[in-house]
1. Relative to a virtual label point 7 Å from the Cα of Lys180 in the Cα→beta-carbon direction, which members of the range 109-147 show backbone nitrogen distances below 15 Å?
2. Report, in deg cm²/dmol and to the nearest 500, the calculated mean residue ellipticity at 222 nm for the chain, where each DSSP H run with n ≥ 4 adds -39500 (n - 2.57) and the sum is divided by the residue count.
3. Remind me, relative contact order of the range 10-192 in percent, using alpha carbon pairs under 8 angstrom and six or more residues apart?
4. Can you give me the distance in nm between label points at Glu97 and Thr25, each placed 7 Å from the Cα along the Cα-to-Cβ direction?
5. Can you tell me the dipole magnitude for the range 1-125 around its Cα centre, using point charges on the Cβ only (Lys, Arg +1; Asp, Glu -1), in Debye to the nearest 20?
6. May I ask you to order 62-71, 12-21 by the average number of other C-beta atoms within 10 Å around their residues, highest value first?
7. Please work out the C-alpha center-to-center distance from the range 141-164 to the range 106-132 and express it in whole Å.
8. Reachable lysines from Lys181, Cα under 30 Å, same-chain residues fewer than 8 places away excluded?
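What follows is calculated from the coordinates using simple rules that are stated; it is not laboratory data. Every value quoted in this text rests on a predicted model; they were computed, and no experiment measured them. Heads up, the Cβs are rebuilt from the backbone with ideal geometry, glycines too, and the neighbour counts pull from every protein chain shown.
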Amino acid sequence: MTTSTTGPATRDFEGVAIPLPGTYTIDASHSRIGFVAKHLVVSKVRGAFEEFEGTLTFAENPLESSAEVTIQAASINTGDKGRDEHVRTGDFLLVEEHPTLSFRTTSLTHKKGETFVAAGDLTIRGVTKPVELDLELEGVVVDPWGNEKVVLSAETEIDREEYGVSWNAALETGGVLVNKKVKLEIEIQAARNA
């Protein structure tokens, strides 16, 4: 264990400085839960959810650490109000019946260095499926106000149709309007609970 008056208290795991055991609360104002979907076969639509909350719990055994995140489905923002309203309807997220999306880890595996695989259950539109996130621990830092933060990023790809999000439209030139594969891109900054 390394303790410093200017930096965070960390411990070594396979040559990587990781947080000491404890719980961190996600700081949504410095985090992003986003996605990328192919549109018109060749272009990409990017968006993000603006309201979410969750915790990261670092266990005594680092590979028993866990995460829980709840996302407000109606907070979706793709930069186009009309499109966002459509995505909130029954064609996509059906937010009136399923106001939240959620993710809860079930296991954590170390790959090498700062990279891990976080397996868990992702729930969209009331359907829960297992997913694996490629996760990278970006670092453990102390901000100018003395708050200890952990920063990580993760990504995965899902098939939206497996979650009942199956609306589409055929194109005259072949293909469909929206690809069924969606890439999830996550950047998290979380603060250690007092």
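1. Counting backbone N atoms under 15 Å from the label point, the list is empty.
2. -1000 deg cm²/dmol
3. On the way: 441 pairs, mean separation 45.4, N = 183.
Taking the mean separation of contacting Cα pairs over the length of the range 10-192, I get 25 percent.
4. The answer from the label model is 3.4 nm.
5. On the way: 12 positive and 17 negative charges, 105 e Å.
Once rounded to the nearest 20, the dipole reads 500 debye.
6. Details: 62-71: 17.7, 12-21: 14.8.
The peptides rank, most packed first, as 62-71, 12-21.
7. First find each Cα centre; the distance between them is then 12 Å.
8. Cα-Cα hits under 30 Å: Lys38, Lys44, Lys81, Lys111, Lys112, Lys129.
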